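Q: Following this message is one structure expressed as structure tokens.
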Amino acid sequence: MNIYLDYQATTPADPAVVAAMQPFWTAKFGNPHSNHRYGWEAEAAVDVARGHLAQLLNIDSESIVFTSGATEANNLALKGVMARAGRRRLVTVATEHSCVLETARFLETQGFDLTVLGVGADGLVDLAALEAALGPDVALVSIMAVNNEIGVIQPLAEIAAAAHAAGALFHCDAAQGFGKIPLDMRALGIDLMSLSAHKIYGPKGIGALVLRPGLDLEPQMHGGGQEGGGLRSGTLAAPLAVGFGKAAEIAAARMAEDAAHAEALWDAFLAALHVPHAINGSATHRWRGNINLRFEGLDGDRLIADLRRLSISSGAACASAKGRHSHVLEALGLSRAQAKASLRIGWGRFSTEDEVRAAAAMIGDAVLMQRRTAA
């Protein structure tokens with residue numbers, strides 16, 4: 001039996017999502033931009049999907065621009081804002097996803113100024129440091145909602161208020177938070193938000209950038225201008241949009257239930273873990289479907305190799321694929337050795353208490369075995 005506990009990398013598609021998409025691969029195959037019955041049928045389904053996303057965010061459905069995923073949405077947000085802004089500086093934090101940090105560094109090569117703020121040992125941004133870093137030259141602040149490696153939830157309303165007080169916009173990468181925690185864009189004051197379907201039991205290959213009305217962004221792909229009034233070109237994948245919408249609809253109905261389930265699994269996992277460990281990042285300001293554990297003096301990659309029946313990771317999937325160390329853990333002040341001694345474990349809607357208890361026992365046994373071998 002293999003136990004999947006890598007829900008931050010991706011989630012299994014909900015069966016209801018798969019069922020909703022199925023007709024749009026076959027009988028309802030029309031191009032949603034075509035001006036005939038097949039196209040209108042697909043377009044109507046896409047509009048319904050937009051409505052489900054919009055309902056979760058308390059915004060108008062016209063604010064949603066579908067993309068290929070959160071990476072494209074983040075690129076469009078940062079590059080699109082900075083290209084049209086009169087100001088020249090972007091502010092972000094060191095624990096952001098690599099697609100935000102790499103985009104920010106690219107913009108720096110294009111003549112823009114960049115400020116990357118540190119975080120505390122808990123992974124949270126220091127609001128006083130953020131306010132001190134802001135000034136009349138800052139166009140955009142980009143800080144994620146829920147960290148993909150350590151699950152820490154940032155104080156979004158306070159960040160938005162600080163950005164707006166300085167005359168800047170606030171962009172939030174909410175790929176790991178959308179559908180899991182309440183994200184009312186109006187109430188929080190978020191100007192731009194990036195989303196991903198496959199983090200909430202939807203299909204891979206689709207995400208969205210959500211924009212406060214009236215924002216002026218530079219398109220990053222040129223062509224037919226099908227999305228966002230010309231902001232994003234390309235034929236929209238109607239089946240994926242339908243799946244994203246269905247996943248959002250389910251998340252809205254189950255948010256409290258899913259959160260309670262994640263909390264119960266957190267407690268069950270820690271109760272069954274019988275070896276000393278440390279939790280990386282805040283244990284309180286956190287999505288409880290993610291736990292990042294450190295086993296001092298051990299090799300996390302070797303632990304993963306010894307845990308063949310567990311699907312877990314040592315950090316972000318994109319970093320693991322390239323053999324990179326975790327920039328998130330190093331930003332917390334951990335040494336390279338401590339970062340290498342850490343594991344990221346994530347559970348979700350389809351995980352069971354039996355699975356997380358069994359996983360904790362297997363991890364504990366592997367830790368003890370590595371310690372005995374090293375002695």
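Q: Counting alpha carbon pairs within less than 8 Å and at least 6 residues apart, what relative contact order, in whole percent, applies to the chain?
A: 23 percent
Q: Ok, one more. For R186 paired with R84, estimate the spin-label separation in nm (one decimal), with each label point 7 Å from Cα along the Cα-to-Cβ line.
A: Once both label points are built, they end up 2.2 nm from each other.
Q: Next question. 5 Å is the cut-off here: which amide hydrogens, built 1.01 Å from N in the peptide plane, fall below it relative to A341, excluding neighbours closer than 5 in sequence?
A: G300
Q: Same structure, new question: For a distance above 17 Å, tell me the whole-number percent of Cα pairs in the range 127-181 that qualify.
A: Above the 17 Å cut-off, the range 127-181 has 36 percent of its Cα pairs.
Q: Sort 64-70, 282-288 for me by packing, meaning the mean count of neighbouring Cβ atoms within 10 Å per residue, highest on top.
A: Packing order, densest peptide first, comes out as 64-70, 282-288.
Q: Quick check: pseudo-label points 7 Å beyond the Cα along Cα→Cβ at D126 and R254, how many nm apart are they?
A: 4.1 nm
Q: Here's a follow-up. Let me know the Rg and Dmax you get for the range 18-130 when you use only its Cα atoms, in Å.
A: 19.4, 57
Q: Averaged across orientations, what area in nm² does the convex hull of the alpha carbons in the chain project?
A: On the way: hull surface 74.3 nm².
Mean projected area of the Cα convex hull: 18.6 nm².
Q: T109 to V48: extension gain in nm, 0.36 nm per residue of separation minus the Cα-Cα distance?
A: 17.9 nm
Q: Tell me the angle of helix 238-272 to the major Cα principal axis of the chain, expressed in degrees between 0 and 90 and rounded to the nearest ten.
A: Approximately 20 degrees, to the nearest ten.
Q: Does anything in the range 177-217 have its amide N under 14 Å from the 7 Å Cα→Cβ label point of E263, and if so which residues?
A: 181-182
Q: Here is a follow-up. What ranking do 297-305, 150-158, 138-146 get when scored by the average of other Cβ atoms within 10 Å per residue, highest first? Intermediate results must be reported in sequence, preceding the final value.
A: Numbers: 297-305: 16.6, 150-158: 22.0, 138-146: 24.8.
Highest-to-lowest ranking by the protection proxy: 138-146, 150-158, 297-305.
Q: Might you work out the accessible area of H261 for me, using a 1.4 Å probe with all protein chains in place, and round it to the nearest 10 Å²?
A: Here the residue's solvent-accessible area equals roughly 50 Å².
Q: Pulled fully out, how much extra length does the chain show between S233 and F350, if you take 0.36 nm times their separation in residues and subtract their Cα-Cα distance?
A: Working: separation 117, 0.36 × 117 = 42.12 nm, distance 3.55 nm.
Between S233 and F350, full extension yields an extra 38.6 nm.
Q: Please list 73-86, 171-184 highest first by mean number of surrounding beta-carbon atoms within 10 Å per residue.
A: On the way: 73-86: 21.8, 171-184: 24.0.
My ranking of the peptides, most packed first, is 171-184, 73-86.
Q: Another question about this same structure. Output the 0 to 90 degree angle, nearest 10, between the alpha-carbon long axis of helix 70-84 and the longest principal axis computed from the alpha carbons of the chain.
A: Compared with the principal axis, the helix lies near 50 degrees.
Q: If you don't mind, there's one more thing I want to ask. If E62, E108, E355 are ordered by their accessible area, calculated over protein heavy atoms with a 1.4 Å probe, which sequence runs from highest to lowest?
A: E62, E108, E355
Q: For a quick size check, give me the Cα extents of the range 89-136 along its three principal axes, largest first, whole Å.
A: Principal extents (Cα only, largest first): 32, 26, 9 Å.
Q: Report the relative contact order of the range 163-293, percent, no decimals, based on alpha-carbon pairs under 8 angstrom and at least 6 residues apart. Let's see the in-between values first.
A: On the way: 140 pairs, mean separation 23.1, N = 131.
Once normalised by length, the contact order is 18 percent.
Q: Another question about this same structure. May I ask you to evaluate 6.51 cos²θ - 1.76 cosθ + 1.60, the Karplus curve with θ = phi - 60°, for each residue of the range 176-182 and list the ³J(HN,Hα) values in order in whole Hz, giving x for glycine and proline?
A: 8, x, 4, x, 10, 10, x
Q: Can you pull the percent of the chain's accessible area that's carbon plus sulfur, 1.4 Å probe, other chains left in place?
A: Carbon and sulfur: 54 percent of the exposed surface of the chain.
Q: If you don't mind, there's one more thing I want to ask. If you project the alpha carbons of the range 7-51 onto the principal axes, what extent comes out on each, in Å, largest first?
A: Extents along the principal axes, in whole Å: 40, 21, 15.
Q: Where in the range 79-100 does the label zone of L215 land, with the point 7 angstrom along Cα→C-beta and an amide N cut-off under 11 Å?
A: Answer for this model: 79-82.
Q: So how far apart, in nm, are the two label points at Y38 and N2 if each is 7 Å from Cα heading toward Cβ?
A: The modelled label-to-label distance comes out at 3.7 nm.
Q: Where does the range 240-298 land on Rg(C-alpha)/(2.2 N^0.38 Å)?
A: 1.50
Q: Among the aspartates and glutamates, which have Cα under 13 Å from the Cα of K180 when same-chain residues fewer than 8 positions away are ignored?
A: Cross-link targets: E249, E257, D258, E263.
Q: Give me the 1.4 Å probe accessible area per residue for the chain, excluding ligands and nucleic acids, in Å².
A: It amounts to 40 Å² per residue over the chain.
Q: Separate question: Compute the acute angle (0 to 90°) between the alpha-carbon long axis of helix 37-57 and the principal axis of greatest extent of the alpha-carbon atoms of the chain; round to the nearest 10°.
A: The helix 37-57 is inclined about 50 degrees to the chain.
Q: With n ≥ 4 as the cut-off for DSSP H runs, can you work out [θ] at 222 nm for the chain, using -39500 (n - 2.57) per run divided by the number of residues, rounded to the nearest 500?
A: Computed ellipticity for the chain at 222 nm equals -13000 deg cm²/dmol.
Q: Compute the label zone of E62 within the range 229-248: residues whose backbone N is under 15 Å from the point 7 Å along Cα-to-Cβ.
A: 229-231
The values are calculated or read from the model by the stated rules, or taken from the named source; none is laboratory data. All figures in this text were calculated on a predicted structure; none of them were measured in a lab. All Cβ positions, glycine included, derive from the backbone under ideal geometry; neighbour counts span all protein chains shown. Quick note on the areas: whole protein, heavy atoms, side chains included, nothing else; ligands and nucleic acids left out. Shrake-Rupley method; radii C 1.70, N 1.55, O 1.52, S 1.80 Å.
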